[in-house]
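Notes to accompany the following structure.
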Amino acid sequence: MRIAVAGGAGYIGSVLIPILLEHGYEVDCYDLLWFGNHLPEEVNVFCQDLFDCTVDQLANYEQVIFLAGLSNDPMAEFSPAMNFIHNGALPSYLAYTAKKAGVRRFVYASSCSVYGYTVGKLYDENCPVTCGYPYGISKLQGERGVMQLCDEGFSTIALRQGTVCGYSPRMRFDLIINTMYKCAMCDGQITVNNPAIWRPIIDVRDTAMAFLRAVQADYSISGVFNVAWDNFTVGDLGSTVAQAVHRLTGRQVKVHVKHQHDFRNYKVSCRRAATVLGFHPRHDVEDIVESLHARREEYGDFSRDEYYNIVTFRKLLAPRLRVAA
Ligand SMILES: NC(=O)c1ccc[n+]([C@@H]2O[C@H](COP(=O)([O-])OP(=O)(O)OC[C@H]3O[C@@H](n4cnc5c(N)ncnc54)[C@H](O)[C@@H]3O)[C@@H](O)[C@H]2O)c1
C-alpha cells in the first residue's frame, strides 16, 4: 500500500515513517521542512505547501496521514490567523482533495487539547469539548472538517493524542517531559507551573503505533479516538522525571512549584482505541526519560533553535512581519 504522510518530516512523522517502512508500506512525505529533514533516504520527500497538493498527486495513494499544521499553543497564539488556516482549513482542504482523488482513508492527528478546562471526570470521545484558545479550537475545526467527509468509500480516523514525548530524530524540547528532562540536566531543577492540573501523556513510539493501527484497521472503521499511556498531574510528572534523572545520572534534581493558572486541564479514557483499533501503548514516563537520556549524543546541544517550535516559527515569519510593518 502507498501512503502519503503530510507533515511527515516533523517530530511524530520522523518516528512513524520508519515504522511504516518496516511494515512494508511505500511512503511519500509532503512537508515544508520547517524543522529540516531527518527521514530515511529512501523516502521521497516533496517540499511543498499542502495547500498546493492536487487531486492528481493524491490519486497515487490509498491512504493519507495528516501530521502538519502549527503544533502547539505558543505558535497558535503567536499567529492566530495562520493557526486557523493551517490547523482548521488545511486538514479540511486535504481531506476533501484526498476524497476526490479516490483515497480510501484519511488519518488526522488531532489533540486532547480540544477538551479544554475540565474538572474531575475522565473524558471519553462522547464528552463535550470546551476549549476556548486558538490551538484547541483550530484542532477541533480540523477534526470536524475531516470527520464530516466520512462515508462508505472514505474512512476517516482522528487520533486525539495526549502530549507526545520522548526521542525523535527531529527532536523537540518544548514538550512537557522533554522540557522537564532538559531542565533537570541543565539546571538541576524542574519548574512546575501548576502541580494540580491533569495531562494525558504518550511516548512518541506509542503514538506512532496508534497511527499504524489506524492504517491497518478495516475500512469499515472510522471515528475519533483518544490515545495516551495514562493521565498524570503535572506535579506528579515533575517528581517522576526528577527521580528518573536521579536514577540515571546520580544528580539531585529539585522540583520548584509555582501556582499559575492554566487554561488546559483534562484526563481522558482511551478504552475505545484499545477495543476498536487494538491500540495498547507500552511505554511509561520512566521509559520516555530513558529514551531521551540514551539518545543524548544524537541531539547534542539542548539549546538549538529547531528544538523549540516557537523559536523557529518566529524566524520563519519574521520576513513577512517586516514587510507588513
Ligand atoms: N507533539 C504533540 O505533543 C502533539 C499532541 C497532539 C497533537 N499533535 C498534532 O500532531 C501533528 C504532528 O505534531 P508534531 O509534534 O510532529 O509537529 P511538528 O511541528 O514537529 O511537525 C509539523 C510538520 O508539518 C509541516 N508543515 C506545517 N504546515 C505545513 C504545510 N502547510 N505544508 C507542508 N508542511 C507543513 C512542518 O514543516 C513540520 O515538519 C500536528 O498536527 C499536531 O497538532 C501533536
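No value in this document is a laboratory result; all are computed from the given coordinates. Predicted model, so just to flag it, every value in this text is computed and none were measured. Note that each Cβ is placed from the backbone with ideal geometry, even for glycine, and that neighbours are counted across all protein chains shown.
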Using helices alone, I'd like the mean residue ellipticity at 222 nm for the chain: each DSSP H run of four-plus residues gives -39500 (n - 2.57), total over residue count, nearest 500.
-11000 deg cm²/dmol
Can you give the Rg to Rh ratio of the stretch 199-268, both from alpha-carbon atoms, with Rh computed by the Kirkwood formula?
1.12
Report the paramagnetic label zone for residue 243: residues of the stretch 179-215 whose backbone N is under 17 Å from a point 7 Å from Cα along the Cα-to-Cβ axis.
181, 190
What's the longest bit of the chain with no exposed chymotrypsin sites (Phe, Trp or Tyr not before Pro), using DSSP loop states and at most 15 other Cβ atoms within 10 Å as the test?
1-218
Diffusion coefficient in µm²/s returned for the stretch 58-97 by Stokes-Einstein, Kirkwood Rh over C-alpha pairs, 4 °C and 1.567 mPa s, is 117 µm²/s
Can you compute the FRET efficiency between residue 148 and residue 297 using 1/(1 + (r/R0)^6), with r the Cβ-Cβ distance and R0 = 51 Å? Round to the nearest 0.05.
0.65
Using a 7 Å offset from Cα along Cα-Cβ at residue 44, what residues in the stretch 81-112 end up with backbone N under 18 Å from the label point?
98, 101-104
When only alpha-carbon atoms are used, what values of Rg and Dmax, in angstrom, describe the chain?
19.0, 57
Across 10 Å bins from 0, what is the distribution of all Cα-Cα pair distances for the stretch 144-233, in whole percents?
15, 37, 28, 15, 5, 0
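Dipole size in debye (nearest 20) for the stretch 2-313 around its Cα centre, Lys and Arg Cβ +1, Asp and Glu Cβ -1? Display every interim value, and only then the final one.
Values: 27 positive and 34 negative charges, 178 e Å.
Once rounded to the nearest 20, the dipole reads 860 debye.
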Distance in nm between residue 306 and residue 100 label points, each 7 Å along Cα→Cβ, equals 3.4 nm
Within the chain, excluding any GluC sites (Glu not before Pro) found in a DSSP loop (not H, G, I, E or B) and having at most 12 other Cβ atoms within 10 Å, the longest uninterrupted segment runs 153-325
Could you list 270, 183 in order of exposure, starting from the residue whose Cβ has the fewest other Cβ atoms within 10 Å?
183, 270
How about residue 254: which lysines have a C-alpha closer than 16 Å to its C-alpha, ignoring those fewer than 8 places off in the same chain?
182
Output the direction-averaged projected area (hull surface divided by four) of the convex hull of the alpha-carbon atoms of the stretch 267-320, in nm².
6.9 nm²
Length gained, residue 261-residue 274, 0.36 nm per residue minus C-alpha separation, equals 1.4 nm
